[in-house]
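Novice: Here it is: the structure, laid out below.
The values are calculated or read from the model by the stated rules, or taken from the named source; none is laboratory data. As the structure is a computational prediction, the values presented were derived from the model and not from experiment. Note that we place each Cβ from the backbone using ideal geometry, even for glycine, and neighbour counts take in every protein chain shown. Only protein heavy atoms, including side chains, enter the accessible area calculation; ligands, DNA and RNA are left aside. Shrake-Rupley method; radii C 1.70, N 1.55, O 1.52, S 1.80 Å.
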Amino acid sequence: WSRHSMLDKSLHESTCKKKLLAALSFLLLLQASESFVPHLAFQRRPGVRACRAHPRWDMSTYGLGFDFGTSGARINVVEEENLEVVYEASCSYSDQTPQVWVDALESLTTNVPEEIRKSIKRISVSGTSASVMIYNTRKGLVTRGPRMYDFSASADSVKVVSAFAPPGHTVRSPTSTLPKLIMWNQEEKIGADEVLCHQADFLSSQFSGRTDRFVSDWNNVLKLGYDVKNLQYPQWMADLFAAQKLSTDILPDVVRPGGEICKISELAVKKFGLPSDCLVVGGTTDSTAAFIASRASSPGEAVTSLGSTLAIKILSKEPVDDASFGVYSHRLGDMWLVGGASNVGCAVLRQEKFGTEELIRLSELIDPMEDPPEELKGYYPLTKVGERFPKNDPTAQPVLEPKPDSRQTYLHALLASIARVEAEGYAQLKRMGATPVTKVLTAGGGSSNEMWQKMRERLLGVEVQRAKFSDAAYGVALLALDRAYDK
């Protein structure tokens with residue numbers, strides 16, 4: 001979670017600032033104790049401006065971004081004029097339930113200092129992709145779900161969807177939203193009082209008050225089947241719903257990410273101390289928010305996430321969709337965010353017992369301009385059987401042999417093989433029709449390895465930099481301010 005290290009450093013430049021930070025932290029703890037929620041673990045890390053005298057508070061306006069991830073929630077408050085983070089905080093949770101999310105949202109919001117809260121003008125929320133639930137409008141609560149991003153719908157529901165969806169469409173995946181909805185209807189017919197909502201839709205409704213029919217965004221409805229090119233629910237979905245005796249009224253309305261939904265409700269004004277003219281705007285998915293945070297803005301600019309697995313996303317002039325490779329495109333303004341994810345990644349380094357100190361020490365000894373020995377170039381560093389992108393082969397086996405005696409040589413070969421998979425990933429997207437890569441920003445744990453960055457730059461043939469920002473909450477705050485992309 002640590003960002004803005006230079007800003008943090010400035011907090012320690014004078015004893016006066018240190019004392020002021022300690023005083024405000026104590027006040028925040030007192031405030032937190034009044035709204036403590038047992039199942040949430042909070043980590044507050046106020047931004048610089050929230051921790052010292054701020055003569056422009058009354059003049060500044062802010063955007064508030066929420067990111068609800070796989071294990072916790074995070075907020076960033078960003079100043080509209082210079083896009084600086086003025087406050088940030090997070091909490092972790094172990095249960096994925098609507099009530100846990102609401103508790104997190106309420107506590108994170110009320111703990112924003114009042115001076116900032118009263119000047120928040122726009123709010124946006126991101127959630128995990130294809131995390132969905134059924135809301136009963138008569139009872140006023142979620143009655144089915146949530147079915148999270150990693151929930152796989154039944155083979156029968158996927159078959160039903162595939163009979164209507166175009167070839168290669170992302171809804172043909174069992175983890176997409178539409179098969180989950182069809183599966184619910186197969187288990188028990190969806191009633192007249194029931195409507196569908198995504199995690200982000202549900203949470204933004206805590207501010208908008210709109211629960212009769214939820215409002216979603218281009219990015220969250222992609223895996224529901226929404227046509228993000230023509231900006232409408234397609235005819236094949238209407239045909240599917242008619243065949244299943246489902247009303248299309250259960251589907252959410254859709255706005256663009258960052259597009260206006262409505263002013264916050266009177267209840268939210270009283271509950272959170274937010275201004276009555278504060279707007280709730282369209283959200284996005286967590287991974288898209290992280291891309292937005294990188295500030296990549298032109299076709300060909302890309303972000304590689306080097307975590308346990310390798311994920312790539314690139315801005316393209318044209319969309320690319322192929323469910324067999326797990327490739328799909330989110331719309332951002334008039335551009336398309338095309339992405340794919342490999343099962344190869346940094347997890348293999350842990351599997352092969354490389355510790356942090358050893359990685360640092362050995363990386364300093366590797367020449368990034370040199371290839372590993374020829375006999376080690378055949379590595380494909382999976383940690384389990386199966387690969388989907390850049391090649392679709394569910395039977396693909398890990399290839400980590402022959403194993404050299406030298407740990408330095410072994411690490412060199414592993415890092416080079418991951419870099420080759422990355423390069424092949426961008427080449428595959430180009431073959432599919434995406435804009436060729438021109439620049440790569442790097443996020444994730446592997447982004448800190450400067451030697452590896454130079455190696456990847458050589459293999460990719462384009463400039464590679466570490467992303468300055470990769471916090472999804474920052475990306476959502478930019479979205480809240482409508483500063484994320486060109487409309």
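Novice: Using a 1.4 Å probe and counting only protein heavy atoms, arrange Thr248, Thr109 so the residue with the most accessible area comes first.
Specialist: Thr248, Thr109
Novice: How long are the semi-axes of the ellipsoid equivalent to the chain, from square roots of 5 times the Cα gyration tensor eigenvalues, in whole Å, largest first?
Specialist: So the equivalent ellipsoid measures 36, 32, 19 Å along its semi-axes.
Novice: So how far apart, in nm, are the two label points at Glu187 and Glu106 if each is 7 Å from Cα heading toward Cβ?
Specialist: My value for the distance between the label points is 2.6 nm.
Novice: Would you please put 259-266, 368-375, 61-68 in order of how densely packed they are, using the mean number of other Cβ atoms within 10 angstrom per residue and starting with the highest?
Specialist: 61-68, 259-266, 368-375
Novice: Spelling out what I want: for every residue of segment 366-374, take phi, set θ = phi - 60°, compute 6.51 cos²θ - 1.76 cosθ + 1.60 (Karplus), and round to whole Hz; glycine and proline get x.
Specialist: 8, 8, x, 8, 10, 7, x, x, 3
Novice: Please state the shape class of segment 224-303: rounded when a/c is under 1.5, otherwise prolate if a/b exceeds b/c and oblate if not, all from the C-alpha gyration tensor.
Specialist: Because a/c hits 1.5 or more and a/b fails to exceed b/c, segment 224-303 counts as oblate.
Novice: Here's something else I'd like to know. Which whole-Hz ³J(HN,Hα) couplings does segment 393-399 yield from phi under the Karplus relation 6.51 cos²θ - 1.76 cosθ + 1.60, θ = phi - 60°, glycine and proline marked x?
Specialist: Here the 3J(HN,Hα) series is 8, x, 9, 4, 9, x, 10 Hz.
Novice: Accessible area of the chain with a 1.4 Å probe: how many percent of it is carbon plus sulfur?
Specialist: The C+S portion of the solvent-accessible surface of the chain is 51 percent.
Novice: According to a simple spin-label model (label point 7 Å from Cα along Cα-to-Cβ), what is the distance in nm between Glu463 and Gln232?
Specialist: 4.2 nm
Novice: If you look for lysine pairs in segment 209-327 that are eight or more places apart or on different chains, how many of them have Cα atoms under 26 Å apart?
Specialist: Lysine pairs satisfying the spacing and distance rule in segment 209-327 number 6.
Novice: By how many nm would the segment from Glu266 to Arg213 grow when fully extended, if each residue of separation counts as 0.36 nm and the alpha-carbon distance is taken off?
Specialist: Residue separation times 0.36 nm, minus the Cα-Cα distance, leaves 17.2 nm.
Novice: Right, something else. Once phi is turned into ³J(HN,Hα) by the Karplus curve 6.51 cos²θ - 1.76 cosθ + 1.60 with θ = phi - 60°, what whole-Hz value does each residue of segment 174-188 show in order, with x for glycine and proline?
Specialist: With the stated coefficients, segment 174-188 comes to x, 8, 6, 5, 4, x, 5, 5, 4, 5, 4, 5, 5, 6, 7 Hz.
Novice: Report relative contact order for the chain in percent, whole number only (criteria: Cα-Cα under 8 Å, sequence separation at least 6).
Specialist: 16 percent
Novice: Here is a further query. Sketch the reach of a paramagnetic label on Gln408 as a point 7 Å from Cα along Cα-to-Cβ, and name the residues of segment 341-363 whose backbone nitrogen lies under 16 Å away.
Specialist: Residues passing the 16 Å test: 358-363.
Novice: Placing +1 on the Cβ of each Lys and Arg and -1 on the Cβ of each Asp and Glu in the chain, which of Ala153, Leu105, Ser298 has its Cα farthest towards the positive end of the resulting dipole?
Specialist: After comparing all options, I get Leu105.
Novice: Share of antiparallel DSSP beta bridges in the chain, in percent to the nearest 5?
Specialist: Of the beta bridges lying entirely in the chain, close to 70 percent run antiparallel.
Novice: Just to be sure I understand: if I project the alpha-carbon convex hull of segment 173-257 onto a plane and average over all orientations, what area do I get in nm²?
Specialist: The orientation-averaged projected area of the Cα hull of segment 173-257 comes to 5.7 nm².
Novice: Restricting to lysine pairs 8 or more places apart or on different chains, what number in segment 428-487 have Cα atoms under 19 Å apart?
Specialist: 4
Novice: Skip the ligands, DNA and RNA, and give the accessible area per residue of the chain with a 1.4 Å probe, whole Å².
Specialist: Using a 1.4 Å probe on heavy atoms only, each residue of the chain averages 42 Å².
Novice: List every residue whose amide H lies under 5 Å from the amide H of Tyr87, counting only residues 5 or more places away in sequence or on a different chain, with H placed 1.01 Å from N in the peptide plane.
Specialist: HN-HN under 5 Å from Tyr87: Gly47, Val77.
Novice: Calculate, for Asp334 and Leu83, the FRET efficiency according to 1/(1 + (r/R0)^6) with r their C-beta to C-beta distance and R0 30 Å; round to the nearest 0.05.
Specialist: Using R0 = 30 Å, I get an efficiency of 0.85.
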